[in-house]
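A.B. asks: Take a look at this one; I'll ask things after.
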Amino acid sequence: YWEVELETGRIIGSELDRVFGISWPATREDFFALVHPDDRQEVKAQVARATESLTVYDVEYRIMRSDGKLRWVASRGQVLPDAEGHPRRIVGLSTDITDHKESQQALQSTLGELQKLRERVEAENVYLRTEVARTHRYDEIIGQTEGMQQVLRLVDQVAPTDVTVLIQGETG
């Protein structure tokens, strides 16, 4: 749990040192310094929109703790107005969701590997069907010589077309 006094920027909270790794009370600047640079603008934008409209916001972001650990955090905050309806403070809850995010990333990686394996199996299936069709296509033809195989390859080349073909050669 945490609370931000908007006028002073002071943050107070309970057990936030466990999640964020800094001592409390702290300031908004202290907090934003922890937010991963790639996520900082989005978090600031969410807070600004909520402050402007006096609404609730939910945001997931990464923090870089002072001990060097990267953690994922989900925060939900609600802007509370003063008697005149101006934003006075934000109260909220932050939860460490690192384990969930790591599991999600591992699942995505596994799904990607499964998709690659599926595509490979499908390609092998097509190849094997083609080979089976090619080898069993001429079951009634007895000849297995290289010359006969050459004739069958030529037949395969022209079979899909509407061209008339004359096959010449020895009988028998």
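The values are calculated or read from the model by the stated rules, or taken from the named source; none is laboratory data. Please read these numbers as outputs of a predicted model, since none were measured by experiment. Don't worry about glycine lacking a Cβ; one is built from the backbone with ideal geometry, like all the others, and counts go over all protein chains shown. For the accessible areas, the whole protein counts, side chains as well, though only heavy atoms, and no ligand, DNA or RNA atoms are used. Shrake-Rupley method; radii C 1.70, N 1.55, O 1.52, S 1.80 Å.
A.B. asks: Top to bottom by accessible area (1.4 Å), largest first, where do Trp2, Trp72 land?
C.D. replies: Trp72, Trp2
A.B. asks: P(r) tail for segment 39-172, what percent of Cα pairs lie past 17 Å?
C.D. replies: Here the long-distance tail beyond 17 Å is 77 percent of all Cα pairs in segment 39-172.
A.B. asks: Using the alpha carbon gyration tensor of segment 75-118, what are the three equivalent-ellipsoid semi-axes (square root of 5 times each eigenvalue), largest first, in whole Å?
C.D. replies: Ellipsoid semi-axes (Å, largest first): 44, 11, 4.
A.B. asks: I'd like to compare 37-44, 100-107, 87-94: which one has the highest average count of other Cβ atoms within 10 Å, and what's the full order after that?
C.D. replies: 87-94, 37-44, 100-107
A.B. asks: Please work out the FRET efficiency for the pair Glu146 and Leu166, using the Cβ-Cβ distance as r and a Förster radius of 30 Å; give the result to the nearest 0.05.
C.D. replies: Computed FRET efficiency for Glu146 and Leu166 comes out at 0.90.
A.B. asks: Compute the helix-to-body angle for 98-135: its Cα long axis versus the longest principal axis of the chain, expressed 0 to 90° and rounded to tens.
C.D. replies: 10 degrees
A.B. asks: Moving to a separate point now. What distance in nm separates the simple spin-label points at Arg76 and Arg129, each placed 7 Å from Cα in the Cβ direction?
C.D. replies: About 4.9 nm separates the two model spin labels.
A.B. asks: Can you give me the distance in nm between label points at Ser66 and Thr27, each placed 7 Å from the Cα along the Cα-to-Cβ direction?
C.D. replies: Here the answer is 1.6 nm between the modelled labels.
A.B. asks: Additional query: So what are the ³J(HN,Hα) numbers for segment 140-147, from phi and the Karplus equation (6.51, -1.76, 1.60; θ = phi - 60°), rounded to whole Hz, Gly and Pro as x?
C.D. replies: Listing the rounded values in order: 7, 8, 7, x, 10, 5, 4, x Hz.
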